[in-house]
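First up is the structure itself, then whatever we jot down about it.
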Amino acid sequence: MSLNKVILGSEEWCTFPELGIPTIKARVDSGAKTSALHAINIAPFIKNDTNWVKFDINPIQNNLKTVIHCEARLVDKRIVKSSSGFREQRYVIQTNLEIGESKWPIEMTLTNRDSMGFRMLLGREAMSGRVLVDPEQKYLLGQPSSDSLKELYKNSEKANSGLRIGLLASNPELYSNKRIMEAGEMRGHEMHFLNIKECYMKLDAKTPEIHYRGGIILNKFDAIIPRIRPSITFYGCALTRQFEALKVYCLNSSTAITQSRDKLFSLQLLLNHGVEIPTTGFANSPLDTNDLIKMVGGPPLIVKLLEGTQGKGVVLAETKKAAESVINAFKSLNANILVQEFIKEANGKDIRCFVIDGKVVAAIQREAMPGEFRANIHLGGTASIIKVTPEEKRIAIKAAKAMDLKVAGVDIIRSSKGPLLLEVNSSPGLEGIEGATNKDIAGEMIKAIEKNFKLI
């Protein structure tokens, strides 16, 4: 049986004809179970009622100019533990591997291997029954010259027409993030997903830097789109500030995001700009609870954690006793809270206006589930198209401007006193509003960047 097996060294060049990859250097590693291929801008899609995945690859190490756009049928999604012990969910594809004179189908996971020495890892599952490895040898099946590599990839050089845009976020699988990546690519830009937790900074007066995944320097970006989770606001805004120091255009500034995340500060800013809000109270001492309740009109009332988001940390207290209990319980935990009047006539509905570059590009009405007062889509609320009034548009635009946000989700509630502003979100979700309105909100965000660079 061994006479029929291919003998490989520890490093070999191989080909993936179905992916359009003419040659790529692989680390042959019998210690690794799974094969892995370098991939960026990974995005699943449906083709002929089947799950597929598209991705880009820089097949030559340390060469970001050369890119291959690939598509493959999606086989699976798996949790894979890397050599560094890091667990991540990866897409799995199956495609034909050509190595020397041999060809057979293999499964590979897709992952960003920028920090690794090889764009391709050939694991033992792909080699089983077909390969013998001589770890003391390399390139037993040949090695292309630099000239032949240039010839093979001459048609893969990137055009310089578009912008280089980074999406600074945490989860590439999130609908909003996938849509932004897709919209940027559709408009001819070079899109890069930058995981916030995998970025780190060099603070230096002369040469400030941002590094990524093992030492790659993130330079030559034209623009950054920050999409920062509330739980990592501090670090995400620090990174955004660092990009600003590098003179990179940020669609929302670090200052704007920081102040939007502080609910008390943001409400004070809005009031200073003449934006009406529900009557709101803030106190530190439990001794002031009774007067705090009176101040906002008595029960029922809303109690909000300052750090809450997506409806989390928001409680409806229907009686004075319940209000006292909730407020004092939060205070005993040293939590900062707001107490706000309950707008009963809203009937569990609010309006989300999506503001981009000083214009309301779309608006939806969100309605809470039966028995629920929070209308957030994440909590089961439903979205529908609504025609907003000129006054509501004015409030939304004024609120985004007051917060200095280029992109904002502005939440408004209709009361007997007229429209009142509830909250301004610096990283508003796209799924609910795109689904309800059928508008390309992600495309509008990319257009706002293009406008800054006078591309439109």
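Computed from the coordinates by the stated procedures, all read-outs in this text should not be read as laboratory data. Quick caveat, the model's predicted, so the values are computed rather than measured. Counting neighbours? That spans all protein chains shown, and the Cβs are built from the backbone with ideal geometry, glycine included.
Which entries of Lys220/Lys406; Lys54/Lys359; Lys81/Lys406; Lys220/Lys263 have Cα-Cα distances beyond 28 Å here? The partial results should precede the final answer.
On the way: Lys220/Lys406 22 Å; Lys54/Lys359 33 Å; Lys81/Lys406 39 Å; Lys220/Lys263 35 Å.
Beyond 28 Å: Lys54/Lys359; Lys81/Lys406; Lys220/Lys263.
Candidate cross-link partners of Lys25 among the aspartates and glutamates, defined by an alpha-carbon separation under 18 Å and a same-chain spacing of 8 or more, comprise Glu11, Glu12, Asp56, Glu98, Glu101, Glu107, Asp114, Asp134, Glu136, Asp147, Glu151.
Going from the fewest other Cβ atoms within 10 Å to the most, the residues Val361, Val424, Val407 appear in the order Val361, Val407, Val424.
Taking the Cα centre as origin and putting +1 on Lys and Arg beta-carbons and -1 on Asp and Glu beta-carbons, what dipole magnitude results for the range 2-155, to the nearest 20 debye? Intermediate results must be reported in sequence, preceding the final value.
Details: 21 positive and 18 negative charges, 77 e Å.
Value, rounded to 20: 360 debye.
Rounded to the nearest 20 debye, the dipole size of the chain about its Cα centre is 420 debye, using +1 on the Cβ of Lys and Arg and -1 on the Cβ of Asp and Glu.
How would Ser426, Ser231 line up from fewest to most surrounding beta-carbon atoms within 10 angstrom? Kindly include the intermediate steps, with their values, before the conclusion.
Values: Ser426 26, Ser231 11.
With the fewest neighbours first, Ser426, Ser231 line up as Ser231, Ser426.
With each label modelled as a point 7 angstrom along the Cα→C-beta vector, the Lys359-Lys387 pair spans 2.0 nm. Amide H to amide H, with H built 1.01 Å from N, Ala26 comes under 5 Å of Glu12, Trp13, Cys14, counting only residues 5 or more places away or on other chains. Each Cα pair under 8 Å and six or more residues apart adds its separation to the average, and for the range 1-130 the resulting relative contact order is 33 percent.
Across the range 217-228, rounded Karplus estimates of 3J(HN,Hα) from the backbone phi angles (6.51 cos²θ - 1.76 cosθ + 1.60, θ = phi - 60°) give 8, 7, 10, 6, 7, 7, 8, 10, 10, x, 10, 9 Hz, Gly and Pro being marked x. When the alpha carbon coordinates of the range 346-452 are projected onto the principal axes, the ranges are 45, 29, 21 Å, largest first.
Sorted fewest first by neighbouring Cβ atoms within 10 angstrom, Ser415, Ser128 come out as Ser128, Ser415.
What the phi angles of the range 396-412 give under the Karplus curve with 6.51, -1.76 and 1.60, with θ = phi - 60°, is a coupling list of 4, 5, 5, 5, 4, 5, 4, 8, 6, 9, 6, 10, 8, x, 9, 9, 10 Hz, glycine and proline written as x. Computed from label points 7 Å out along Cα-Cβ, the spacing between Glu173 and Lys247 is 4.0 nm.
Backbone phi angles across the range 384-395, fed through the Karplus curve with coefficients 6.51, -1.76 and 1.60 (θ = phi - 60°), yield HN-Hα couplings of 9, 5, 9, 8, 7, 7, x, 5, 5, 4, 4, 4 Hz in residue order; Gly and Pro are listed as x. Taking amide H as placed 1.01 Å from N in the peptide plane, Ala335 has no amide H partner under 5 Å among residues 5 or more places away or on another chain.
Computed from the alpha carbon atoms alone, the convex hull of the range 2-155 holds 121 Å³ per residue.
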